[in-house]
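Inspection log for the structure reproduced underneath, given as structure tokens.
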Amino acid sequence: MINGTYLRRPTVLLTMVGFALLIVASTVAYVVLRPSPGDQPQLTLGGAQAADDTALGASGYTYQRSTSPDRTEIIDSTGEPVAIMTDGARTVQMYGPSRTFEEPQNTASKVESKYWVRLAPRPYHAGAEKEEWFTDWLSAARHDRSPDVLAIAMEYIEGAPVKKDNQGQQYSGDASFGPLDPLDPDGRAEKSDFYDYLGLTWTFLDGKAVVPEPERLLALDCSGYLRMVYGHRLDFPLLGTNTPGEGLPRRAYAMAEFGPGVQLMPNSGHRARGLDRLLPGDLLFFNAGPVVDGHIEHSGIYLGIDDSGHHRFISSRAVADGPTMGDTGGESILDGAGYWAERWRTARRI
């Protein structure tokens, strides 16, 4: 009988088996995607306080305060790190699925990272992890897999695919450094901003209006590259001038000296110290002029530790003709005795 009970029972049994298999499959997928506690970086940057200074939040998270710079580290109920928030900065370093960043055209080195660098809606302060604006944002950000600071930074390296919006406007893809000024053959003066890359006129928050130079279409100088990644793509406020204010200034020296966020180490005019203070997404500043001092002429973004154990960064430079994490025009590392390592002066977390 088609409707007999003796035919329905196998159907029920198969349904229960299928449901059980679905649960097992879901569990396996979760285990595969979930970061392994043993693979997590150690959160001991700066001066971490003792464990008895931690506080268990209502969400089940543990909040641990640390110094150099002052920050809060969130740890979940399983003991795994969730995020790092720095006092006075909007940048939040979150943990998620591991990714590998590479640029085989210009370096054999790769950076594997579980950091996802996001911008909170406002600067963090001690205790903000218990405020509604932050908890709402964190809840959404933990599951956000849209391009973050690091992924966007890689969208402008050599060979990066072109991306356009619904109006046909190109907003990412291989960027050049741009033509050099005849009065600046070394390319130290910033000339190609994000609006030049886009080919769009722009009016900034401080009222300055600009018109793109046609010969700089699809070009980004060192600070223009940072402004494209953080400003145009991630909506961090941008200034049209090099004065203090609520936004990222135009040139590298202004970003380093009085830009937003937190300066991670002083600019002494000599090689910076404090590699252990850096986290992926931090802005780096270099002296690239003929006189070796504290003046800043170059900027980049810290990526993390590469597969050779070096602290690697990405920047747009004239010799490499655009953004690169490679070693054309000097190794893109902060340790060792290379050109950029010796010229590194300070860093900022915005």
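Report the residue count in region 154-182 for those that are assigned to a loop (DSSP other than H, G, I, E, B), surrounded by 20 or more Cβ atoms within 10 Å (Cβ to Cβ), at negative phi and touching a helix residue (DSSP H, G or I) at 6+ places or on another chain (Cβ under 7 Å).
Filtering region 154-182 for residues assigned to a loop (DSSP other than H, G, I, E, B) gives 157-162, 165-169, 173-175, 177-182.
With surrounded by 20 or more Cβ atoms within 10 Å (Cβ to Cβ) added as a condition, the list becomes 157, 175, 177-178.
From the residues that got through so far, the ones that are at negative phi too are 157, 175, 177.
Next, from what is left, pick out any that are touching a helix residue (DSSP H, G or I) at 6+ places or on another chain (Cβ under 7 Å): 175.
Of the residues in that region, 1 qualify.
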task = Go through the residues of region 106-116 one by one and say whether even a single one is closer than 26 Å to Arg273 by Cα, aliphatic (A, V, I, L, M) and at pLDDT 95 or above.
result = yes
ask   = Identify, please: which residue in region 87-121 is in a loop (DSSP other than H, G, I, E, B) and in contact (Cβ under 8 Å) with a residue 60 or more places away in the chain and is, among those, surrounded by the fewest Cβ atoms within 10 Å (Cβ to Cβ)?
value = Gln105
message = Take Asp52 and tell me if it is assigned to a helix (DSSP H, G or I) and at pLDDT below 95.
response = yes
task = Report, ordered by the first and then the second residue, all pairs with beta carbons closer than 8 Å, sequence separation of six or more or different chains, a first member in region 190-201 that is within 17 Å of Leu248 (Cβ to Cβ) and in a helix (DSSP H, G or I), and a second member that is charged (D, E, K, R) and open to solvent by 20 Å² or more (accessible area, probe 1.4 Å).
result = Asp196/Glu213
query = Do you know which residues across region 135-153 are in a loop (DSSP other than H, G, I, E, B) and either among the acidic types (Asp, Glu) or surrounded by 15 or more Cβ atoms within 10 Å (Cβ to Cβ) (or both)?
reply = Arg142, Asp144, Pro147, Asp148
inquiry  = I'd like the residue in region 293-350 that is touching a residue at least 24 places away in the same chain (Cβ under 8 Å) and at positive phi and, out of all such residues, is most open to solvent (accessible area, probe 1.4 Å).
reply    = Asp321
Residues being touching a Cys at 6+ places or on another chain (Cβ under 6 Å) and among the hydroxyl-bearing types (Ser, Thr, Tyr) - total across region 255-303 = 1
In region 61-86, the residues that are open to solvent by 40 Å² or more (accessible area, probe 1.4 Å), closer than 30 Å to Phe258 by Cα and either among the small types (Gly, Ala, Ser) or part of a strand (DSSP E or B) (or both) = Arg65, Thr67, Ser68
key: Enumeration of residues in region 225-259 that are surrounded by 24 or more Cβ atoms within 10 Å (Cβ to Cβ) and out of contact with any Lys or Arg (no Cβ under 8 Å at 6 or more places or on another chain)   = Tyr225, Leu226, Met228, Val229, Tyr230, Pro249, Ala252
query = List, please: which pairs have Cβ atoms under 6 Å, are six or more places apart or on different chains, and start with a residue in region 268-285 that is more than 22 Å from Ser113 (Cβ to Cβ) and end with one that is open to solvent by 10 Å² or more (accessible area, probe 1.4 Å) and of a type outside the set (Val, Ile, Thr)?
reply = Gly269/Asp293; Gly269/Gly294; Arg271/Glu342
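The values are calculated or read from the model by the stated rules, or taken from the named source; none is laboratory data. Everything quoted here is computed from the prediction, not taken from an experiment. Virtual Cβ from ideal backbone geometry, glycine too; neighbours counted across all protein chains shown. Quick note on the areas: whole protein, heavy atoms, side chains included, nothing else; ligands and nucleic acids left out. Shrake-Rupley method; radii C 1.70, N 1.55, O 1.52, S 1.80 Å.
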